[in-house]
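Undergrad: Can you read through this structure? Questions will come right after.
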Amino acid sequence: MAVKKTSPASTSPYLTVVVPLYNEEESLRELHGRIVDVMKLIGKPYEIIFVDDGSSDRSFQVLTDLHAKHKEVKVIRFRRNFGKSAALSVAFKEAAGDFVITMDADLQDDPAEIPELIAALGETYDLVSGWKKKRHDPLSKTIPSRFFNFVTGKMTGIPIHDFNCGLKAYRHEVVKQITVHGELHRYIPALAHWAGFRVTEKIVQHHPRKYGRTKFGISRFFNGFLDLLTVLFTTRYIRKPLHLFGVWGMVSFLVGALIDIYLSIEWFAGRTSLSNRPLFMVGFLFIIIGIQFVSIGLLGEMISRHERDEDTYSIRETLK
Ligand code: UDP
Ligand code: MG
């Protein structure tokens, strides 16, 4: 992939507000009204990109009407429900603003947070992720979510509390650089961090869902963790698969070798008979698994070699 443009054109709006939505007909007008109120206070040019992720209710009609009445409103409509990640992805391609805010359509995120989120970017940060410190969701959601955030924080090494918050502020170049495929919207802070952007978090207000119901069921947690593997794989280890497989392969090999060396010595010394020592087989198993892991890592290295130079960096600016 070629290096993308890193700074917006001079005529670009100050802010792009991105709203992915799926069957949220009841809240769209109110949400739009509240964004407009905030933007009046800010007093700078802006656009709002609504992405209708294949809604089957009247969401699109409401958006068509908003679009007819307000020139700032842009609407992208998917042919079917492709998911929140795809919705964010397409909006990121379109976004022209110097800053980009993403927020959910269900009024759980508060547009009044926009100015402070942008302010939090300051000179230092490229992405500010909202932290719903006091959440208004059922316990069945908040407890697994805490666990998810804890594990993700540990695994990725990024110290933030709420990876999946819909409300985030980005500099233009962040949304042009990162690609949110699959279901990876839950890991945007990690994707940005690994691309070299400076990521922080800010506590934001959170409201109970007013209309409709959540679009993500319990499957989110299983999928969420499988996605963590994908994220670690495609970002952290894709350039060095041997580092992941090799380490565990060597550990397994060593454990197996130690067990079998010990048993062999015992056998030589005539203190044991190997035919009644199942541990000997366990040692063998560890050795074989170890060799397999190292081989998989090496194969991975050979495959990844072909794409070594692509997309391994992200340029902040160029002086010419
Ligand atoms: N959403 C979407 N596509 C989907 C599922 C959800 O665009 O397939 C939108 C949804 O309309 C909302 C946001 O993503 O604007 C967050 O979804 P939801 O409120 O259901 O998630 P929760 O707040 O329960 O985590
Ligand atoms: Mg919600």
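The values are calculated or read from the model by the stated rules, or taken from the named source; none is laboratory data. If you're wondering where the values come from, they're calculated on a predicted model, not measured in any experiment. Neighbour counts run over all protein chains shown; Cβ positions are idealised from the backbone, glycine included.
Undergrad: Any residue that is of a type in the set (F, W, Y), within 21 Å of V90 (Cβ to Cβ) and in contact with a strand residue (DSSP E or B) (Cβ under 8 Å, 6 or more places away or on another chain) - is there at least one of those in the stretch 177-190?
TA: Quick first cut of the stretch 177-190, residues of a type in the set (F, W, Y) only: 187.
So of that shortlist, the ones also within 21 Å of V90 (Cβ to Cβ) come out as 187.
With in contact with a strand residue (DSSP E or B) (Cβ under 8 Å, 6 or more places away or on another chain) added as a condition, the list becomes none.
Scanning the stretch 177-190 turns up no residue that is of a type in the set (F, W, Y), within 21 Å of V90 (Cβ to Cβ) and in contact with a strand residue (DSSP E or B) (Cβ under 8 Å, 6 or more places away or on another chain).
Undergrad: Please go through the stretch 194-218 and give me each residue that is within 16 Å of ligand 2 (Cβ to nearest atom) and under 17 Å from the mean Cα position of the chain (by Cα), ordered by number. Working first, answer last.
TA: We begin by selecting, within the stretch 194-218, every residue within 16 Å of ligand 2 (Cβ to nearest atom); these are 204-218.
Selection gives F216 alone.
Undergrad: Also: For residues in the stretch 212-237 being surrounded by 13 or more Cβ atoms within 10 Å (Cβ to Cβ) and within 14 Å of ligand 1 (Cβ to nearest atom), which is nearest to S27 (Cα to Cα)?
TA: Going through the stretch 212-237, the residues surrounded by 13 or more Cβ atoms within 10 Å (Cβ to Cβ) turn out to be 212, 215-216, 220-221, 223-225, 227-228, 230-237.
Keeping just the survivors that are within 14 Å of ligand 1 (Cβ to nearest atom) gives 212, 215-216, 220-221, 223-224.
On the way: G212: 9, K215: 14, F216: 18, R220: 23, F221: 26, N223: 27, G224: 27 Å.
Only one residue fits best here, namely G212.
Yes/no per residue for (1) outside any helix (DSSP H, G or I); (2) closer than 30 Å to H193 by Cβ; (3) charged (D, E, K, R):
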position	(1), (2), (3)
H206	yes, yes, no
R209	yes, yes, yes
N223	no, yes, no
D227	no, yes, yes
V231	no, yes, no
G246	no, yes, no
S252	no, no, no
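Undergrad: Take the residues in the stretch 59-85 that are closer than 22 Å to Y187 by Cα and without any contact (Cβ under 8 Å) to a residue 60 or more places away in the chain, then tell me which one is nearest to ligand 1 (Cβ to nearest atom).
TA: Of all residues in the stretch 59-85, those closer than 22 Å to Y187 by Cα come to 81-85.
Still in the list and also without any contact (Cβ under 8 Å) to a residue 60 or more places away in the chain: 81-82.
Numbers: N81: 5, F82: 7 Å.
For the stretch 59-85, the residue satisfying everything is N81.
Undergrad: Can you confirm whether T156 is farther than 17 Å from V18 by Cβ and either touching a His at 6+ places or on another chain (Cβ under 9 Å) or surrounded by 18 or more Cβ atoms within 10 Å (Cβ to Cβ) (or both)? Walk me through it before giving the result.
TA: Working: farther than 17 Å from V18 by Cβ: yes; either touching a His at 6+ places or on another chain (Cβ under 9 Å) or surrounded by 18 or more Cβ atoms within 10 Å (Cβ to Cβ) (or both): yes.
Yes, satisfied.
Undergrad: Then there is this: Of the residues D65, D98, which is of a type in the set (D, E, K, R) and more than 25 Å from Q205 (Cβ to Cβ)?
TA: Values: D98 fails: more than 25 Å from Q205 (Cβ to Cβ).
Exactly one of D65, D98 is of a type in the set (D, E, K, R) and more than 25 Å from Q205 (Cβ to Cβ), namely D65.
Undergrad: Tell me the residue from G182, G217, G196 that is farther than 30 Å from A112 by Cβ, modelled with pLDDT under 85 and in a loop (DSSP other than H, G, I, E, B), please. If you could, list the steps in order and put the result at the bottom.
TA: Details: G217 fails: farther than 30 Å from A112 by Cβ; G196 fails: modelled with pLDDT under 85.
Testing whether each residue is farther than 30 Å from A112 by Cβ, modelled with pLDDT under 85 and in a loop (DSSP other than H, G, I, E, B) leaves just G182.
Undergrad: Hey, could you check the stretch 102-126 for residues that are within 19 Å of H185 (Cβ to Cβ) and of a type in the set (D, E, K, R) and say which is farthest from ligand 2 (Cβ to nearest atom)?
TA: Of everything passing the filter in the stretch 102-126, D126 is farthest from ligand 2 (Cβ to nearest atom).
Undergrad: Another one. In the stretch 90-119, what residues are surrounded by fewer than 20 Cβ atoms within 10 Å (Cβ to Cβ) and hydrophobic (A, V, I, L, M, F, W, C)?
TA: Passing the criteria: V90, A96, A112, A119.
Undergrad: Could we say that A87 is under 11 Å from P20 (Cα atoms), touching a Pro at 6+ places or on another chain (Cβ under 9 Å) and not aromatic (F, W, Y) here?
TA: Working: under 11 Å from P20 (Cα atoms): yes; touching a Pro at 6+ places or on another chain (Cβ under 9 Å): yes; not aromatic (F, W, Y): yes.
For A87, the condition - under 11 Å from P20 (Cα atoms), touching a Pro at 6+ places or on another chain (Cβ under 9 Å) and not aromatic (F, W, Y) - is met.
Undergrad: Right, another one. Residue by residue through the stretch 162-179, note down the ones that are within 15 Å of ligand 1 (Cβ to nearest atom) and either outside any strand (DSSP E or B) or without any contact (Cβ under 8 Å) to a residue 12 or more places away in the chain (or both). Steps first, please.
TA: Applying the first criterion (within 15 Å of ligand 1 (Cβ to nearest atom)) to the stretch 162-179 yields 162-168.
Answer for the stretch 162-179, where residues must be within 15 Å of ligand 1 (Cβ to nearest atom) and either outside any strand (DSSP E or B) or without any contact (Cβ under 8 Å) to a residue 12 or more places away in the chain (or both): D162, F163, N164, C165, G166, L167.
Undergrad: Out of L254, L274, L299, I need the residue that is more than 26 Å from L242 (Cα to Cα) and surrounded by fewer than 17 Cβ atoms within 10 Å (Cβ to Cβ). Which one? Show your work before the answer.
TA: Working: L254 fails: more than 26 Å from L242 (Cα to Cα); L299 fails: more than 26 Å from L242 (Cα to Cα).
One residue alone meets the criteria, L274.
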